[in-house]
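Chemist: Sharing a structure, written as structure tokens. Questions coming.
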Amino acid sequence: MAAGRPYAAAVRALTFQAPGEVRIEEKPDPELAAADEAIVRVEASGVCGSDLHIYHGRVPVEPGFTLGHEYVGTVVATGDAVDAVSVGDRVLGTFSTACGECFFCARGDFHKCDHGRVFGHGATLGSLQGAQAELLLVPHADLTLRRVPERLGDEVALFAGDVMGTGYHAVVEAGVEPGSSVGVLGLGPVGLCAVQAARAAGAGTVLAIDAVDDRLLIAERLGATPIHLTDDDPRAAAKRATEGRGVDAVIDAVGHPDALALACRLARKAGTVVAIGVYAEAIEINMAIVWIKALTLKTGHANVIKHLEPVLAGLASGELDPSPLVTHRMSLDDAPEAYAIYDRREALKIVLRP
Ligand SMILES: [Zn+2]
Ligand SMILES: [Zn+2]
């Protein structure tokens, strides 16, 4: 071990108790169990939409499990096989882990790793305790963690391993090039990050579609054309912007059958639809539209490990800047209140500090 145990015997952590109930608990401090693990003292963590699914009981998690998967902190211990980061390094990490050795990792499909685990999502996703805590045990640290570039603040860095990484992934999958026209459906944090990443990739027209005025305003400030889902006519707007063709690519950052159906309508012939919003049930899709238009449909959660370097470069240069999305800063001790605020949709991104 590169370090002993320079931390307390018990740590505070935000744990799931029952639907609608989370609480701060004292838990035993994590210990290294494998040579490729590291322990990070968490300095900032985010509250995310997927935490809310757990909070509502839609994603089953055991009572007492620590939540959270967006984090920045300092390495306090490493196993002997960890090379990429050292004790004392300020690091950020990805929401999921990958083994680096299986068939899928060898292809670079880290998000589909046979041994992939997700922080803070209970036994079904690998029993990896979450980051809304003072200390975090990180498996496969060389893949999961990166040093934070100099001068990059915690609040910006913690977007790299999940929200901005996901927006960036959607834009890569959409095949956005200089001059492309792009539609983004759903302006939560991921949709707004997709707007930024699309602009950074050189998209000429970005139509940002949502029903919440505040979010449309932020999208406009980020360089998009705001389109109200119901007050405006998204299909007419897409045609107006593209000489009647429809947009080159549409990113569905909602995860609802209506959003996917609209995305297929907004895309041009031989265009691309990227469903980055979460789909966990069988839904109907109008295959006739997909087929007649020769659409390419891409799906699945983001390969954030693969995209970490370009995302961090974009954050460091300021080309990608999610700081306008941070609406609340709270103490970890107030995390139950943070969940209630987030549940009332009063926040875009809440940053917790232990
Ligand atoms: Zn998240
Ligand atoms: Zn793997």
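Chemist: Go through segment 221-280 residue by residue and tally those that are of a type outside the set (A, V, I, L, M, F, W, C) and in a loop (DSSP other than H, G, I, E, B).
Modeler: 14
Chemist: Check 328, 307 and return the single one that is out of contact with any helix residue (DSSP H, G or I) (no Cβ under 6 Å at 6 or more places or on another chain) and at pLDDT 95 or above.
Modeler: Selected residue: 328, the only one of 328, 307 that is out of contact with any helix residue (DSSP H, G or I) (no Cβ under 6 Å at 6 or more places or on another chain) and at pLDDT 95 or above.
Chemist: For the condition under 23 Å from residue 326 (Cβ atoms), aliphatic (A, V, I, L, M) and surrounded by fewer than 20 Cβ atoms within 10 Å (Cβ to Cβ), what is the one hit in 171, 184, 118?
Modeler: Sole residue among the options that is under 23 Å from residue 326 (Cβ atoms), aliphatic (A, V, I, L, M) and surrounded by fewer than 20 Cβ atoms within 10 Å (Cβ to Cβ): 118.
Chemist: Out of 113, 99, which single residue is surrounded by 20 or more Cβ atoms within 10 Å (Cβ to Cβ) and more than 16 Å from ligand 1 (Cβ to nearest atom)?
Modeler: The match here is 113.
Chemist: Which of the following residues is modelled with pLDDT of 95 or more and within 15 Å of the chain's Cα centre (by Cα): 176, 184, 156?
Modeler: Matching residue, one of 176, 184, 156: 156.
Chemist: Are any residues in segment 38-78 part of a loop (DSSP other than H, G, I, E, B) and among the acidic types (Asp, Glu), and if so, which ones?
Modeler: Scanning segment 38-78 gives 62, 70.
Chemist: Counting just the residues of segment 315-340 that are hydroxyl-bearing (Ser, Thr, Tyr) and in contact (Cβ under 8 Å) with a residue 60 or more places away in the chain, which one comes out nearest to residue 54 (Cα to Cα)?
Modeler: This residue is 339.
Chemist: Another question, if that's okay. Where residues in segment 79-91 are among the aliphatic types (A, V, I, L, M) and assigned to a loop (DSSP other than H, G, I, E, B), which of them is surrounded by the fewest Cβ atoms within 10 Å (Cβ to Cβ)?
Modeler: 81
Chemist: Only helices (runs of 4 or more DSSP H) wholly contained in segment 92-192 count here; list those with 3 or more residues that are of a type in the set (Val, Ile, Thr), away from ligand 2 (no atom under 16 Å from the Cβ) and in contact with a helix residue (DSSP H, G or I) (Cβ under 8 Å, 6 or more places away or on another chain).
Modeler: Per the criteria, 163-173.
Chemist: Return yes or no: is residue 32 aliphatic (A, V, I, L, M), at negative phi and over 22 Å from the mean Cα position of the chain (by Cα)?
Modeler: yes
Chemist: Output the number of the condition that residue 204 fails; it satisfies all remaining conditions of (1) in contact with an Asp or Glu (Cβ under 9 Å, 6 or more places away or on another chain); (2) closer than 23 Å to residue 270 by Cβ.
Modeler: So residue 204 meets the others, but not (1).
Chemist: Applying the selection to segment 40-58, what residues are in contact with a helix residue (DSSP H, G or I) (Cβ under 9 Å, 6 or more places away or on another chain) and either open to solvent by 40 Å² or more (accessible area, probe 1.4 Å) or away from ligand 1 (no atom under 16 Å from the Cβ) (or both)?
Modeler: Selection gives 40, 43, 56, 58.
Chemist: Please specify each residue of segment 246-258 satisfying the condition of being surrounded by fewer than 19 Cβ atoms within 10 Å (Cβ to Cβ), over 19 Å from the mean Cα position of the chain (by Cα) and either touching a residue at least 24 places away in the same chain (Cβ under 8 Å) or farther than 14 Å from residue 235 by Cα (or both).
Modeler: Residue satisfying the conditions is 257 alone.
Chemist: Next question. List pairs: first in segment 37-60 and touching a residue at least 40 places away in the same chain (Cβ under 8 Å) and among the β-branched types (Val, Ile, Thr), second open to solvent by 20 Å² or more (accessible area, probe 1.4 Å) and within 16 Å of ligand 2 (Cβ to nearest atom), Cβ under 7 Å, 6+ apart or cross-chain?
Modeler: As it stands, the answer is none, since no pair meets every condition given.
Chemist: Looking only at segment 127-141, decide whether some residue is in contact (Cβ under 8 Å) with a residue 12 or more places away in the chain, out of contact with any strand residue (DSSP E or B) (no Cβ under 7 Å at 6 or more places or on another chain) and crowded, with 24+ Cβ neighbours inside 10 Å.
Modeler: Checking segment 127-141: not a single residue is in contact (Cβ under 8 Å) with a residue 12 or more places away in the chain, out of contact with any strand residue (DSSP E or B) (no Cβ under 7 Å at 6 or more places or on another chain) and crowded, with 24+ Cβ neighbours inside 10 Å.
Chemist: How about segment 13-36: which of its residues are assigned to a strand (DSSP E or B) and in contact with a strand residue (DSSP E or B) (Cβ under 9 Å, 6 or more places away or on another chain)?
Modeler: Scanning segment 13-36 gives 13, 14, 15, 16, 17, 22, 23, 24, 25, 26, 27, 28.
The values are calculated or read from the model by the stated rules, or taken from the named source; none is laboratory data. Because the structure is a prediction, the values reported are computed rather than measured. With ideal geometry, Cβ positions are generated from the backbone for all residues, glycine too; neighbour counts draw on all protein chains shown. With ligands, DNA and RNA removed, areas are computed over all heavy atoms of the protein, side chains included. Shrake-Rupley method; radii C 1.70, N 1.55, O 1.52, S 1.80 Å.
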